[in-house]
1. How much length would be gained if the chain were fully extended between residue 451 and residue 60, taking 0.36 nm per residue of separation minus their Cα-Cα distance, in nm to one decimal?
2. Output the relative contact order of the chain, whole-number percent, from Cα pairs under 8 angstrom with separation of 6+ residues.
3. For residue 385 and residue 545, what is the calculated FRET efficiency with R₀ set at 25 Å and r taken between the beta-carbons, to the nearest 0.05?
4. Counting C-alpha atoms alone, how compact is the chain: give Rg to one decimal and Dmax as a whole number, in angstrom.
5. In square nanometres, what is one fourth of the surface area of the convex hull spanned by the alpha carbons of segment 579-655?
6. Please give the contour-minus-distance gain from residue 13 to residue 591: 0.36 nm per residue of separation, less the Cα-Cα distance, rounded to one decimal in nm.
7. When the Debye formula is applied to the Cα atoms of segment 519-591, each taken as the same point scatterer, what base-10 log of I(q)/I(0) results at q = 0.11, 0.15, 0.17, 0.20 Å⁻¹?
8. List the extent of the Cα atoms of segment 639-762 along each of their three principal axes, largest first, rounded to whole Å.
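Each value in this text was obtained by applying a stated rule to the coordinates, not by laboratory testing. Note that this is a predicted model, so its numbers are computed, not measured. Glycine gets a Cβ as well: all are built from the backbone with ideal geometry, and neighbour counts include every protein chain shown.
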């Protein structure tokens, strides 16, 4: 037996001495001990002076653990070569436990168990399923001698004759200095098995070492870095040896071990251990961050394979003109002038309406000089003719395909078709039946007084085409007197306007204050940076025509797309959910057309109902007031995502939600990239926190969510999924990674907030 110990820094001198002495004190002594010093001449001399009886050599390869291990392998003389990390201590019977297995000629490698030796206390949030993050054995490994795919790096041994037939450890993998990467032993074990298909790699849990875990490794920052780096390393392994061999163990670990760990943590919460929620959250976070690392490496590799290396500078998208057209009126031309700083618009995003009802968004490129009215009409007919024809048929009007429909495509003036005359004869039959009598509605507007659009928002609310409503402004920053003065001045002329304050920060607290103050049978919520269509409130209320509808969401569209950040937010998905009326309940989704509903065929492995973002946005939603109060309003523990949480809770409680695309709010997206980055991170945190809350509080949802967790991760990460397929070339990868990091850390945010809430109640 030869034992190889690789060292690289004098900062670990005390641990190096303990590691070497633990090998020299073995019950079955090693014939040779090789210490490899990785590119540190001072350390090399110190080890030689302290242990003159050992074979002490410098690494002959590039910097990094893999090359150092290869140097040790080249100097080894024993039939069996064992590797011990420089911060690990072997138990006295370590070699005695490893060696007997090599009497079986099929055994190619034997690894042992690594017990964490914490410099301080073990972090309460760290689940044992993720002890591999600190280089130790973890829950999910065998508890007795068993074949495994690979051994663990700090405690492993190989038959030297087999390793001599390979190129050793791959320097492309493995730790370099303090960079937390790995998987070199995984890749080597797979290659060894390919050389010897009948060979066996064994795990011997009785061969134990104590692996020191310093304070810097017991942090969330190290946890995230290690998980991300592990994902990148797994991508390299999968590329080298194939995904079937490279990821087989990880798939089983993800399907079985991790869901069991989440369930165990939640049981511990019910038993009084609040840290169980942190551990469950850490499992979800670790899985998502690892998957993000894997996919980032795969994406980089794919771009290189097709010959498109990642550019150092990104070509920002051209600004997009935003406009709305009504088909029963004269079609406008669309100029390309007037862009930000004199930049011409490169495209137009057109909301197309017929008789006031939205039919769809049309995105069209703008040539130099802009688009003529006939060209815009032709583009609209090309994209939306089925929706236009369906609307016209329901209204009893001739379709565009009929000869008597006139030359609308030529003139761009549908008034010549006879449609305008029919529209003027009365209300549009395609519009949902109005709720009569019109219920009294409370419109709640939370504000911190920081948006320059606040007064414009109030102007648009005051001008709504609805007979019976009040406006409740909730000041979430009452220490700043500007909001109170603004509302007081307006309330003198408009008795519908009321002011209230909520000193506790957070939009959930502000919305709950508005809910408590609401006098209406329906309470609607609008953000303080939106401009509302005149028909916004009437369309929201019309969504409550069916008695089983508890809440209605509306469409949120971009007011401008002048900067790259605003355009990227739309590519991400924006806030709009399309122009098709829909209904959601726990069992499924249905479209609403011509007064009838038609169920949507969901795929067998659908994530519904756990995609709350598809229900709508908190910037534009309304509820029956008594129903929302029974749901306990918005959860103040969620500093972000409180809107999708209440929508999801409503559906899971058996209520029906409706989406009314005619209830339109125009939102001014943040113009700066820094603000967009914060937004994407907060979106991720919000969704992660909401799903964690489901896991922690709803047993039925817990069972369903755990079964769908792998599919959900694929949905979040796969470029072609419905979530990601709008992102165009040039969409910053950093935004996706920030969202994923937020999603991964959402469980931690929720667990910390829940713990604070518990302490405040005590």
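1. On the way: separation 391, 0.36 × 391 = 140.76 nm, distance 6.17 nm.
134.6 nm is the gain from fully extending residue 451 to residue 60.
2. Values: 1541 pairs, mean separation 74.2, N = 762.
Reported relative contact order: 10 percent.
3. Working: r = 29 Å, r/R0 = 1.14.
FRET efficiency, residue 385 to residue 545: 0.30.
4. Cα radius of gyration and Dmax of the chain are 31.9, 104 Å respectively.
5. Numbers: hull surface 24.4 nm².
Result: a mean projected hull area of 6.1 nm².
6. Values: separation 578, 0.36 × 578 = 208.08 nm, distance 6.84 nm.
Taking 0.36 nm per residue and subtracting the Cα distance, the gain is 201.2 nm.
7. Normalising to I(0) and taking log10 leaves -0.37, -0.66, -0.82, -1.03.
8. 48, 33, 32
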